[in-house]
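Visitor: First, the structure itself, so that you have it in front of you.
A short reminder: the numbers here are calculations on the coordinates, not readings from a lab. In this text, all values refer to a predicted model and were calculated from it rather than measured experimentally. Ideal geometry is used to build each Cβ from the backbone, glycine not excepted, and the neighbour counts take in all protein chains shown.
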Amino acid sequence: MRNRNFVFLFFGICSLLMISFKSGYLQKEPWKAPASADSIKSPIAFSPQVIREGEKLYNTLCVTCHGQNGLGDGQPGRFKIEPANFHNKAVTDQKDGAIFWKLSNGKGNMPGYATALSEEKRWQLIAYIRQFAKQDLSALSKAVPVNNYKINKSTPSPYFPLPQKITNATASQEFVFMVDTVAKGLKRAWSIAFLPDQTLLIAERSGKILRFKNGKQIDTLSGNIPKSLRDIKLHPDFGKNGLIYLSYYIEPVKSAGTGGYTALMSAKLVGNKILQEKTIYKAGPFKNNGDWFGSKIGFDRMGYLFFSVGIHSDRKNAQSLSNYDGKTMRFNDDGSIPSDNPFIKTPGALPEIYSYGHRMHQGMRRDPKTGRMMVVEFGELAGDELNILKPRANYGWPIATYSLEYSGAIISESPLKEGIEPPIHHYAIAPSDFDFVYGKNYPGWDGNIFIGGLATKKLYRIVMKDDTFVRDEALLNGLGRIREVVYGPDQFLYAMTEDTGILVRLIPLQKL
Ligand code: HEC
């Protein structure tokens, strides 16, 4: 009797082991469409027009996972099974019908698009992804021979001396530039502030603020600098009053039952010390940790202080004026509420709200030419936005959005709706911050907008004309998750990564 039990147990364990071995093995099996799918034929020819339509769809829906060049490298390491690389023979060998079937049905992290996209749109996408295999991959990262170029020494930078020799030269659509690494080893660096005394501050998430002068780190600021530090901005009159503004997150303490807050601090910078710290605003309490950002600070031309608070709880909260989620706030520089704020007389509304219906506005800048305040928002799948801030405006999250659920399901029937401010541009890059380039230092880039991509690890140059998107170009391929983009007072464009911890400057090169 005892022996029989033992034998049963033995066989039981063996079969369990075999099942788990087999399923582990099955997961690595290539994804196969049913043989019948091979005979599905496209009702439309893959004309250049169809391919272009497919490209647009791809860049809004697929790029975050499959990557700009179809290499499956949109978010390395995020998925257990990496998104397909469309250059691979395993994909190119399949019939269009099989690819169509997979795109329609999905599997695991690959959303099925049968309901979200019409058949015609799905075929446009297939027409486009078939083009990747024709790309010359070696051309994507082709270095430019540097001996034909020189650095223009007539625009020196007081922050970081110009390099002696050219390295890392790459071509953009307009000219050749050098990617000049000016700082390395940064730890989760989030934001940069250029000071008028020609030093530069870099804020790291841990609560450290590094100071650089003439290309070297000279100090770390002292004082009560908050942890979970995010943005750092100077008061418009910093030269006179020495005021700086920091945003940060006060993490919830679960054991004490206290919530988290997205907070804003003003302080005075005296020498290397942060003095007179004042928490001038706290949005919350929120029950979640601080991964839901926003937290961007901006000043308009009149000196009003703007602050973005991302969605922390239920997404529907973005549409209610009685809570903090998904709002832009406006204050006087001391944190008091301006008497002409748009909802100050609206019963039940928080008086600090300036605009609402945002998801997570992770970039905020004033356009130095027009004076308009602009934000970039991190959408859900494919719904990132570039918006112009207007008082009282509703930016639509989640009732009118280009975003899809990460599963591919629809969030709102239409991205457009009466009374909702549409984005001036929408895209899919998981954006961070952005800035404007004006002037002659970068030939052909005057007036362009540069947005950092987190998931895509690229810097995007956006060409707009009268608030309409014209075209874009991806730069700094693979540098890292670009968290901060600043056009410095030295007229150089800087980009900083949070994972690889580097700060680079783009130096335009002149042909000899
Ligand atoms: C959220 C991430 C994600 C998005 C968005 C996404 N995919 Fe995928 N895709 C994947 C993953 C992961 C796989 C691999 C699935 C597997 O093999 O189990 C995949 C596989 C595929 C395949 C199958 C390739 C093969 O034969 O193995 C095709 C085709 C495809 N994706 C096309 C698209 C297109 C077109 C879009 C945009 C409309 C898109 N995907 C959007 C994650 C994504």
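Visitor: For ARG366, are the conditions met, namely being surrounded by fewer than 21 Cβ atoms within 10 Å (Cβ to Cβ) and either free of Cβ contacts under 8 Å to residues at least 60 places away in the same chain or closer than 21 Å to PRO252 by Cα (or both)?
Guide: Taking the combined requirement at face value, the residue does not satisfy it.
Visitor: Turning to a different aspect of this structure: Those residues that are within 8 Å of the ligand (Cβ to nearest atom) and either surrounded by fewer than 19 Cβ atoms within 10 Å (Cβ to Cβ) or aliphatic (A, V, I, L, M) (or both), I need them from segment 49-62; list them, please.
Guide: Residues satisfying the conditions are LEU57, LEU61.
Visitor: Anything in segment 167-194 that is in a loop (DSSP other than H, G, I, E, B) and surrounded by fewer than 19 Cβ atoms within 10 Å (Cβ to Cβ)? List them, or say none.
Guide: THR167, ASN168, SER172, GLN173, GLU174, PHE175, LYS184, GLY185, LYS187, ARG188
Visitor: For segment 314-358, which positions are farther than 18 Å from PRO398 by Cα and touching an Asp or Glu at 6+ places or on another chain (Cβ under 8 Å)?
Guide: MET329, ARG330, PHE331, ILE337, ASN341
Visitor: Follow-up. For segment 82-139, give me each residue that is part of a loop (DSSP other than H, G, I, E, B) and away from the ligand (no atom under 11 Å from the Cβ).
Guide: Hits for segment 82-139 are HIS87, ALA114, THR115, SER118, GLN131, GLN135, ASP136.
Visitor: Condition check: surrounded by 16 or more Cβ atoms within 10 Å (Cβ to Cβ), hydrophobic (A, V, I, L, M, F, W, C) and either in contact (Cβ under 8 Å) with a residue 12 or more places away in the chain or closer than 29 Å to ALA203 by Cβ (or both). Does ILE449 satisfy that?
Guide: Yes; evaluated as a whole, the condition is true for this residue.
Visitor: Still on this model: If a residue has to be closer than 29 Å to ALA193 by Cα, part of a loop (DSSP other than H, G, I, E, B) and of a type in the set (Gly, Ala, Ser) to count, how many in segment 299-350 make the cut?
Guide: Looking only at that region, the number is 5.
Visitor: All but one of (1) under 21 Å from LEU305 (Cβ atoms); (2) not in a strand (DSSP E or B) hold for SER255; which doesn't?
Guide: For SER255, the exception is condition (1).
Visitor: In a strand (DSSP E or B) and farther than 29 Å from TYR324 by Cα - does that describe any residue in segment 221-243?
Guide: yes
Visitor: Would you mention how many residues in segment 67-79 are within 8 Å of the ligand (Cβ to nearest atom) and in contact (Cβ under 8 Å) with a residue 24 or more places away in the chain?
Guide: Summing the residues that are within 8 Å of the ligand (Cβ to nearest atom) and in contact (Cβ under 8 Å) with a residue 24 or more places away in the chain in segment 67-79 gives 3.
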